[in-house]
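**Student:** This is the structure I want to talk about, given as structure tokens.
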Amino acid sequence: MAKKEEAPNMVERFAEFKELKNIDKTTMVSVLEESFRNVLAKMFGTDENLDVIMNPDKGDVQIFQNLEVVPDGEVTNPNLQISLSDARADEDPDVEIGEEHTKEIFFADFGRRAILNLRQTLQSKILDLQKEAIYAKFKEMEGELVSGEVYQTWSRETLLMDDEKNELLLPKNQSIPGDFFRKGETVLAVIHNVDNKNNNPKITVSRTSDTFLRRLFEREVPEIIDGLINIKAVARIPGERAKIAVESFDDRIDPVGACVGVKGSRIHGIVRELRNENIDVINYTANPSLFIQRALSPAKISSIHLDEEDKKAEVFLRPEEVSLAIGKGGMNIKLASMLTGYTIDVYRDTPDQVDEDIYLDEFKDEIDGWVIDALKNMGCITAKNVLNTPRQALIDQADLEEDTVDNVIAILKAEFEEE
């Protein structure tokens, strides 16, 4: 009698496991039935004539064997057939030869080995289910922020454990230079890649990806989550410097100011998380010339020549501005190229070139300020920038009337003719 209680107990244990591992009820029933059938098929040679009825609410299982009734003495396979006299003796007195006789069998009656095989089959299937569930969960989370507690650190990677004890791997090449973690410390990262080779989920996280910076800004700047501010582009040299281009869908919101926060309140937390990585936040513009100028900040550009087809830009600057444009170790110009998607070449304005050109701001007495701003927004900072730009391009890109453009050109030409 004690043996018959073992199978129901196993079902109850599985039900408890299901609650812990968050396996849904339908899957639980399916796995239980499949496991019983696998073990029964090995015992009887087939499971085709077996009905396995799961009752997870009660924590039990019923197994029925359907046997063909044959004349006495003609049973050739007791797993598929039963003699007429045995069938009638088994509470089926009216059964006839050729009909089907159904009898209930009790799994626990088959002994400890059968029950052990069932346990092992269940454990194997449950483990596979759990791995599949972990893979599916984290695959959907690729690109999202996650936190984990440092469990162990090796030379090439750090093992993190999330709140549900899932393993997250942070490789050395995905760590910010200067990252140093102690056991038990909480680390923030972004899920970088999830694979499931040989049904063994591997979750890799990153602190160096551009996505990590994006997610940090989304966490700190509510306007981004609300859809009022959009991050258009990100460029990073992890642990050193980053540039991020933002735009606002509401004219009342300054996207740069919102991202930086009052007295830097929002961006300071991000900088600390990135090991004091300097972050430049700039206003995005669809105008490539102006976008490149902003990306090269704090350098001030004299003029710029674009090859939009090959994505190349020739930038001319006063000699004292060149070092600012290039930056320490070439970092500023490299980030500007990454941010804008243009290959940027920097050239010095010669003294003669500087002397013979004039900044548009010098013409404020003759040209309206809003017109000068429109020209500067399309990349024309000096008089010769304007004069070297096709008339139609000035009309289209600066969104100016033809008469206004003609007036500007006449004023600038007159200045050089006077000289």
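The values are calculated or read from the model by the stated rules, or taken from the named source; none is laboratory data. What you are looking at is a predicted structure, and each value in this text was computed from that prediction instead of being measured. Every residue, glycine as well, gets a Cβ built from its backbone with ideal geometry; the counts of neighbours run over all protein chains shown. The accessibility values were calculated without ligands, DNA or RNA, using every heavy atom of the protein model including side chains. Shrake-Rupley method; radii C 1.70, N 1.55, O 1.52, S 1.80 Å.
**Student:** Add -39500 (n - 2.57) for each DSSP H run of 4 or more in the chain, then divide by its residues: what number comes out at 222 nm, to the nearest 500 deg cm²/dmol?
**Tutor:** Helices in the chain give a 222 nm mean residue ellipticity of -12000 deg cm²/dmol.
**Student:** Starting from the 7 Å offset along Cα-to-Cβ, what nm value, one decimal, do you get for the label separation of Asn388 and Asp94?
**Tutor:** So the two model labels end up 10.6 nm from each other.
**Student:** For the pair Phe181/Lys25, report the inter-label distance in nm, with labels modelled 7 Å from Cα in the Cβ direction.
**Tutor:** Result: 3.9 nm between the two label points.
**Student:** Here's something else I'd like to know. If the only charges are +1 at each Lys and Arg Cβ and -1 at each Asp and Glu Cβ, what is the size of the charge dipole of the chain around the Cα centre, to the nearest 20 debye?
**Tutor:** For the chain, the charge dipole is close to 2500 debye.
**Student:** Still on this structure, please answer the following. In region 19-173, how does Rg compare with the Kirkwood Rh, expressed as the Rg/Rh ratio over alpha carbon atoms?
**Tutor:** Here Rg/Rh amounts to 1.23.
**Student:** Okay, moving on. Give the accessible surface of the chain per residue, rounded to a whole number of Å², with probe radius 1.4 Å and ligands, DNA and RNA excluded.
**Tutor:** 56 Å²
**Student:** Per-residue counts of other Cβ atoms within 10 Å, averaged by peptide: what ranking do you get for 390-398, 204-212, highest first?
**Tutor:** 204-212, 390-398
**Student:** A 22 angstrom limit on the alpha carbon distance is what I want to check against. Which of Lys125/Lys183; Lys202/Lys334; Lys137/Lys243; Lys311/Lys334; Lys137/Lys197; Lys42/Lys131 exceed it?
**Tutor:** Lys125/Lys183; Lys202/Lys334; Lys137/Lys243; Lys42/Lys131
**Student:** Continuing with the same structure: What number, in nm² with one decimal, is the all-direction average of the projected area of the convex hull of the alpha-carbon atoms of region 294-372?
**Tutor:** 6.2 nm²
**Student:** Measuring from the lowest to the highest alpha carbon on each principal axis, how far does region 113-199 reach, largest first, in angstroms?
**Tutor:** That works out to 56, 26, 22 Å along the principal axes.
**Student:** Over the Cα atoms of region 149-188, what is the Rg over Rh ratio if Rh follows Kirkwood?
**Tutor:** 0.93
**Student:** Take Lys131 and Arg318, extend 7 Å from each Cα along the Cα→Cβ direction, and tell me the distance between the two endpoints in nm.
**Tutor:** For Lys131 paired with Arg318, the spin-label model returns 6.6 nm.
**Student:** Here is a further query. Using Cα springs under 10 Å in a Gaussian network model of the chain, which residue among Glu185, Glu366, Glu220 shows the largest mean-square fluctuation?
**Tutor:** Largest GNM mean-square fluctuation: Glu366.
**Student:** What FRET efficiency would be calculated for the residue pair Glu401, Phe249, taking the C-beta separation as r and a Förster radius of 30 Å, to the nearest 0.05?
**Tutor:** Once rounded, the FRET efficiency stands at 0.60.
**Student:** If you don't mind, another one. Based on the Cα coordinates of region 157-261, what is the per residue volume of their convex hull in Å³?
**Tutor:** About 137 Å³ per residue, rounded to a whole number.
**Student:** Give me the net charge of Asn276's neighbourhood, meaning all other residues with Cβ under 11 Å from the Cβ of Asn276; Lys, Arg count +1, Asp, Glu -1.
**Tutor:** Taking every Cβ under 11 Å from that of Asn276, the sum is 0.
**Student:** Applying 1/(1 + (r/R0)^6) with R0 = 56 Å to the Cβ-Cβ distance of Glu417 and His268, what FRET efficiency is obtained, to the nearest 0.05?
**Tutor:** Calculated transfer efficiency: 0.55.
**Student:** Oh, and also: Would you mind giving the average projected area, over all directions, of the Cα convex hull of the chain in nm² with one decimal?
**Tutor:** For the Cα atoms of the chain, the hull's average projected area reads 34.3 nm².
**Student:** Okay, next question. Report for region 131-273 the percent antiparallel among DSSP-assigned beta bridges with both residues inside it, nearest 5.
**Tutor:** Counting DSSP beta bridges with both partners in region 131-273, the antiparallel share is about 95 percent.
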